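Quick notes on the structure that follows.
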Amino acid sequence: MSADVVLVVQLAASAFMAGVIWFVQLVHYPLFAEVRAHGSADFFRAHRRWTPAVVVPAMLAEGMAAGLVAVAPPPGVGRAAALAGLGLVAVLWLSTAVVQMPLHARLGRDGHDAAVITRLVRSNWLRTAAWTARAVLA
């Protein structure tokens, strides 16, 4: 795969995910507070079932591209920028796995919980900032 293709894939995936995360941060997660107790666990389980279809392909493409760029930075891409990009992917995946996914699991198990939703919105600012930085860097 050519370096140009890898850079385009990285840019497209990072820009897509930056757009998704800003929507999630400003619209989607805040709307969770409006989902009330009756049937809310079903709603949150459905969210967990359908969201990966949208985000996992882009996250995988972004991660693979970032890894390729870090291993062999194309001309004009400095080693520091390549490693910073890969580091941001690590932060994003770690935050998703360690913070966001367990909070979503709690909502899917217990239903509406204002404290969990607040923590989800607040903790997601890290991913919002990191995906924005990735898109700019890409």
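Only DSSP H runs of four or more residues enter the estimate; each adds -39500 (n - 2.57), and after division by the residues of the chain the mean residue ellipticity at 222 nm equals -26500 deg cm²/dmol.
Within the chain, which DSSP H helices have Cα atoms that stretch 18 Å or more along the helix axis and a mean Kyte-Doolittle hydropathy of at least 1.0?
On the way: long enough: 3-23 (30 Å, 1.93); 40-71 (44 Å, 0.70); 79-95 (24 Å, 1.73); 114-137 (35 Å, 0.55).
Qualifying helices, which must be both long enough and hydrophobic enough, are 3-23, 79-95.
Restricting to Cα pairs below 8 Å that are 6+ residues apart, what does the relative contact order work out to for segment 34-128? Please round to a whole percent.
Numbers: 60 pairs, mean separation 41.4, N = 95.
Answer for segment 34-128 is 44 percent.
Starting from the Cα gyration tensor of segment 63-138, take the square roots of the eigenvalues, sort them a ≥ b ≥ c, and report rounded, prolate or oblate (rounded when a/c is under 1.5, otherwise prolate if a/b is larger than b/c, else oblate). Note, shape of segment 63-138 comes out prolate. On a per residue basis, the chain carries 54 Å² of accessible surface, using protein heavy atoms and a 1.4 Å probe.
Based on the alpha-carbon gyration tensor of segment 1-58 and its eigenvalue square roots a ≥ b ≥ c, which shape applies: rounded if a/c is under 1.5, prolate if not and a/b is larger than b/c, or oblate? Let's see the in-between values first.
Values: a/c = 8.71, a/b = 2.49, b/c = 3.51.
Oblate.
Please report, as a whole percent, how much of the solvent-accessible surface of the chain comes from carbon and sulfur atoms (probe radius 1.4 Å). Looking at the chain in its full context, I get 73 percent from C and S.
Measuring r between the beta carbons of Val56 and Arg109 and using R0 = 25 Å, the FRET efficiency lands at 0.70.
The values are calculated or read from the model by the stated rules, or taken from the named source; none is laboratory data. The shown structure was predicted, so the numbers you read here are calculated from the model rather than taken from an experiment. All Cβ positions, glycine included, derive from the backbone under ideal geometry; neighbour counts span all protein chains shown. For accessibility, only protein heavy atoms count, side chains too; no ligands or nucleic acids. Shrake-Rupley method; radii C 1.70, N 1.55, O 1.52, S 1.80 Å.
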